[in-house]
1. Scan the range A:187-201 and give yes if some residue there is modelled with pLDDT of 75 or more and small (Gly, Ala, Ser), otherwise no.
2. Restricting to the range A:222-245, name every residue that is of a type in the set (Val, Ile, Thr) and modelled with pLDDT of 80 or more.
3. For a quick check of your reading of the model, give me the residue pairs whose first member lies in the range B:83-96 and is more than 7 Å from every other protein chain (Cβ to nearest Cβ), whose second is in a loop (DSSP other than H, G, I, E, B) and among the acidic types (Asp, Glu), with beta-carbon atoms closer than 9 Å and at least 6 apart or on different chains.
4. Give A:GLU70, A:GLU3, A:GLU24, A:GLU37 a once-over and let me know the one that is of a type outside the set (Val, Ile, Thr), modelled with pLDDT under 85 and outside any helix (DSSP H, G or I).
5. If I filter the range A:246-270 down to residues being at pLDDT 80 or above and of a type in the set (D, E, K, R), which single residue comes out as surrounded by the most Cβ atoms within 10 Å (Cβ to Cβ)?
6. Give me a count of the residues in the range A:275-326 that are among the small types (Gly, Ala, Ser), surrounded by 19 or more Cβ atoms within 10 Å (Cβ to Cβ), assigned to a loop (DSSP other than H, G, I, E, B) and under 21 Å from the mean Cα position of the chain (by Cα).
7. Which pairs have Cβ atoms under 7 Å, sit 6 or more apart or on different chains, and link a residue in the range A:158-175 that is in a helix (DSSP H, G or I) to one that is among the charged types (D, E, K, R)?
8. Restricted to the range A:82-114, and to residues that are of a type in the set (Lys, Arg) and part of a loop (DSSP other than H, G, I, E, B), which residue is modelled with the lowest pLDDT?
Amino acid sequence: MAEKSILKISDLTQKINRISSLVEVGSLLNSSLDIDEILNIIMKSSKRVMNASAATLFLYDEKGDSLVAELAYGNVAKKVKGKVNLKMGQGIAGWVAQHRKTIVINDVTKDKRFHCNVDKKTGFKTKSIVCAPLIYQNRLIGVAQALNKKEGNFSKEDAEIFSKFVSQAAVAIETARLHKEKLANQRLEQELTMALMIQDSFLPHINDISIKNLELGIKKSVAYNVSGDFYDLFMLDNTRYFFLFGDVSGKGIPAAMYMANLLSKIRYFVFRYKNLKIMIDKLNKELFRISKRGMFTTMICGILDTKSMKLHFINCGHLPLLMYNADESKWLTFYNKDNIPLGIDDSFEYIDEFINFYSEDIFVCISDGVIEAKDKDGTEFGIKRLLKTLPSTKSDPQSIVEKIFKRLKKYSGNTSFNDDVTIFSIKNISSPSFIELNTYSSPKELSSIRKFVKDFISKYKVSSKQSNRIVLAIDEAVTNIIKYSYEKDYSRPIKMKLKYKKGRIFIEIRDYGKPVVPENLRIKKIPSTKPGGLGLHFINQIMDTVSYEPRKKGTLLKMSRYIGEKTNETCY
Amino acid sequence: MKLAIEEKNNNTKIIHVMGTVDLYSSPSLREEIQTQLKKCSYLIVNLSDVDYIDSSGIATLVEGLQVSKKIGKKFSLAGITEQVRDVFSLARLEKVFNILDDLKEIDNE
């Protein structure tokens, strides 16, 4: 009786030791998220808890539907790792994996399931074994086995303890795996963020671009980390800029990489071909050549000339260019429905357009995401709503861009859009505004010179009498150049510049003929009926200031006249 | 600029001037005035359809007036538009010419 009790006590002590080992191993397993470290702990603990000579862990390989020895603990560890593969059902571990049951075998030689190849390979002599499946959420993760109990046989109790231990190990392995996956995802996310930053660096930022006479507005919101929307603006010379705005079909990294390639190609093509139509033709052919899997590009690009106040552009299948005409206080849309996206047809001939881009005018380019933003019922935002959103009065480009974004957010009812949204806006802020005319000394040209002057003055608040007088004075000045400086040689150059600044109109007329000798300028004594000198009299009557500046060749005539503040400002 | 000649009774002729009179067009107006002055005793230059005139146009008219005086003919202007009147006033020549307000005055004469 007493002997029995002592035995029981020693059993209990052993059991308590094992349970405390299990608890210890459990907390150990939870202390790490590193899968290799966890496998190590499992093996080391298996050996100790089971009082075994060796331990092996097989992980289940779903693809090959087989078990791969991941780690062994004992004298033969190195010979096992990664070298032993068991098919499902093969050997004891294979049987356990297949039946998902824990088994105890105390003499493997008497068990048909025993697969002696492993022992042959390693030189280890397996005697007894306890083997348990690692199951997590009904999914097989692997099989663990403890080999050759150091004293006596593996008991049923050993099997119970081992199976509990192994199920803890399964959780720990799975947690570590998930963590590893999460880390990988995080790394991918970080890489995407980096990609976005790199992509972003291809696109100019407002502060990066040194622009004279232009004001910029840019904003973009990106749907899939990296966007296919792109834009660029760079100087061609002192007064001309090249701008582009477009969208590469497709999303994510491929679209972004294609876009980065495209941006550098465009810069190269622009400077190489120096002609918008030729450049687009070459670019189209190149994009056609490199285009994969149906990728194409829509784009508006062109030359902004701040001197002639003209915009020469080509719309290659993109949404319309929106233009605010400051003179008429209205928005115009320039759609070219005949042109197709780039990279689709290498023989397509693109049609270019010229429009005026005067001081205070603004143009806006938008990406598909603006038009295609949907409300809760799935109705698209559309061009009409966009045009209604655009300010009808004087505005700056950044606030126009912000206004559209704000409206879109309100419309779609959320803060992030489904598509990439990019808006790019440029305002001509060149002031004073001036225009130039290159003509020659023919009386025939006088009517077009008068029209040129009249058109310019018509932008300002000037009475028709005042306007007629200014036209007359300029006509007289040119008449004098034809008659006296060029002595009726009707084919010589005349350059004219008109500008407006603070209510005053400035006129410069340059000729390359005989110099003017101011003392010889005959100003008629009025009234007089003798011909000659009348034109000069008109000029002096009409203009506030008149000066003749001799140049190396010819003369620069400068005149100015106060005409009052600009008409259109009353509209704002 | 276009010119049309109208013959009236009493040896009177009217040159109707249409369009722009500037350095380019004034030589043909000048020639017409000189020609017609020889063919009539009273020449009227109708400027009601002139949208623009400059100093060369004014000089042409002044020359017509001078020649008419030398050869003892009568010379008048008619149909002065606002732009033309303003150019005359700039030249302070409004009072030099005999200006008819209305061509009907001739028929009444």
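The values are calculated or read from the model by the stated rules, or taken from the named source; none is laboratory data. As the structure is a computational prediction, the values presented were derived from the model and not from experiment. Here Cβ is always computed from backbone atoms with ideal geometry, including for glycine, and neighbour counts include all displayed protein chains.
1. no
2. Narrowing the range A:222-245 to residues of a type in the set (Val, Ile, Thr): A:222, A:226, A:239.
If the condition is that a residue be of a type in the set (Val, Ile, Thr) and modelled with pLDDT of 80 or more, then A:THR239 is the only one that fits.
3. Here the result reads B:ARG85/B:GLU94; B:PHE88/B:GLU94, each pair linking the range B:83-96 to a residue that is in a loop (DSSP other than H, G, I, E, B) and among the acidic types (Asp, Glu).
4. Working: A:GLU3 fails: outside any helix (DSSP H, G or I); A:GLU24 fails: outside any helix (DSSP H, G or I); A:GLU37 fails: outside any helix (DSSP H, G or I).
The unique qualifying residue is A:GLU70.
5. Out of the qualifying residues, it is A:ASP247.
6. Applying the first criterion (among the small types (Gly, Ala, Ser)) to the range A:275-326 yields A:291, A:294, A:302, A:308, A:317, A:326.
Keeping just the survivors that are surrounded by 19 or more Cβ atoms within 10 Å (Cβ to Cβ) gives A:302, A:317, A:326.
With the extra rule that they be assigned to a loop (DSSP other than H, G, I, E, B), the set shrinks to A:317, A:326.
Narrowing further to those that are under 21 Å from the mean Cα position of the chain (by Cα): A:317.
Counting residues in the range A:275-326 that are among the small types (Gly, Ala, Ser), surrounded by 19 or more Cβ atoms within 10 Å (Cβ to Cβ), assigned to a loop (DSSP other than H, G, I, E, B) and under 21 Å from the mean Cα position of the chain (by Cα) gives 1.
7. Matching pairs, first to second residue: A:ILE161/A:ARG18.
8. So the first thing to find is which residues in the range A:82-114 are of a type in the set (Lys, Arg), and the list is A:83, A:87, A:100-101, A:110, A:112-113.
Filter once more, so that each one left must be part of a loop (DSSP other than H, G, I, E, B): A:83, A:100-101, A:112-113.
Numbers: A:LYS83: 68, A:ARG100: 91, A:LYS101: 90, A:LYS112: 84, A:ARG113: 84.
Step by step, filter the range A:82-114, then rank; the result is A:LYS83.
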